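Accompanying notes for the structure given below.
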Amino acid sequence: GQNIDQPTEMTATEGAIVQINCTYQTSGFNGLFWYQQHAGEAPTFLSYNVLDGLEEKGRFSSFLSRSKGYSYLLLKELQMKDSASYLCAVRDGDYKLSFGAGTTVTVRA
Amino acid sequence: GAVVSQHPSWVICKSGTSVKIECRSLDFQATTMFWYRQFPKQSLMLMATSNEGSKATYEQGVEKDKFLINHASLTLSTLTVTSAHPEDSSFYICSARGKAETEAFFGQGTRLTVV
């Protein structure tokens with residue numbers, strides 16, 4: 001099975017940077033995903049890491065260390081619309097995704 | 001990215017009735033579809049995985065006779081919640097993956113309320 005941990009809540013100021021950590025213990029690993037989910041909506045894809053290192057995509061970056069079972073999502077230049085839940089998900093060899101409980105990020109003016 | 005369409009977006013039904021939710025891949029052939037359930041303030045929990053033309057594989061604790069999944073074509077999978085109860089009220093989300101795809105794409109989700 002998969003055990004995925006991420007903080008429950010984070011608060012940051014508009015324009016700031018926030019880092020959301022995710023640690024995982026898995027029985028199989030075939031990539032780690034980050035999704036953004038607004039209340040009442042389906043998750044939207046943010047990033048995918050399968051090799052160690054940093055993937056940068058605009059204001060969002062994601063890092064993976066497979067040996068440490070660790071990833072983070074970095075959100076830069078925070079905007080009010082970034083207030084949402086951020087989900088860390090690990091994929092196994094059967095392409096099944098196991099999700100963490102999600103981190104609710106609140107951006108304040 | 002590829003488009004996955006899920007219908008209906010929301011549905012209210014009476015206890016004891018059945019509800020069918022459709023998940024369609026609009027611009028690719030979905031060899032695998034996944035069905036998730038999400039209760040308020042909780043994360044997505046995988047219910048079952050279905051491959052086109054074969055029986056769905058259910059996760060532990062999910063009743064296969066209550067949650068009927070059909071994946072009869074490469075573009076359509078359906079989830080039928082049978083004999084619905086108020087505790088089945090939840091957000092149901094499908095995702096679909098094509099054979100050559102790295103990721104699976106999510107539908108919009110269906111908010112089910114059983115009264």
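The values are calculated or read from the model by the stated rules, or taken from the named source; none is laboratory data. Computed from a predicted structure; not experimentally measured. Positions of Cβ are backbone-derived with ideal geometry, glycine not excepted, and every protein chain shown enters the neighbour counts. Heavy atoms of the whole protein, side chains included, go into the accessibility calculation; ligands, DNA and RNA do not. Shrake-Rupley method; radii C 1.70, N 1.55, O 1.52, S 1.80 Å.
Can you tell me what the convex hull of the Cα atoms of segment B:21-115 projects to on average, as an area in nm²?
Values: hull surface 24.5 nm².
Reported value for the Cα convex hull: 6.1 nm².
Each of residue B:73 and residue B:27 was given a label point 7 Å from its Cα along the Cα-to-Cβ line. The distance between the two points is 1.9 nm. D for the protein assembly as shown, whole µm²/s, Stokes-Einstein with Kirkwood Rh over alpha-carbon pairs at 4 °C and 1.567 mPa s: what number? Value of D from the Cα-based Kirkwood radius: 72 µm²/s.
Which percent of the accessible area of chain A is formed by carbon and sulfur heavy atoms (probe 1.4 angstrom)?
On the way: 2450 of 5240 Å².
For chain A, the apolar C and S fraction of the accessible surface comes to 47 percent.
For segment A:32-70 versus segment B:56-115, the inter-centroid distance based on Cα atoms is 24 Å.
Can you flag which of A:76/B:99; A:57/B:20; B:20/B:55; B:41/B:66; B:41/B:64 are past 28 Å Cα-Cα?
Working: A:76/B:99 34 Å; A:57/B:20 38 Å; B:20/B:55 17 Å; B:41/B:66 24 Å; B:41/B:64 25 Å.
Going by Cα-Cα distance, A:76/B:99; A:57/B:20 fall outside the 28 Å limit.
The slack in the chain from residue B:111 to residue B:45, taken as 0.36 nm per residue of separation less the alpha-carbon distance, amounts to 22.3 nm. Suppose we look only past 15 Å in the calculated P(r) of chain A. What percent of the Cα-Cα pairs does that tail hold? Looking at chain A, the distances longer than 15 Å represent 59 percent of pairs. Treating only the Cβ of Lys, Arg, Asp and Glu as charged (+1, +1, -1, -1), what charge dipole size does chain A show about its Cα centre? Round to the nearest 20 debye. It works out to roughly 60 debye.
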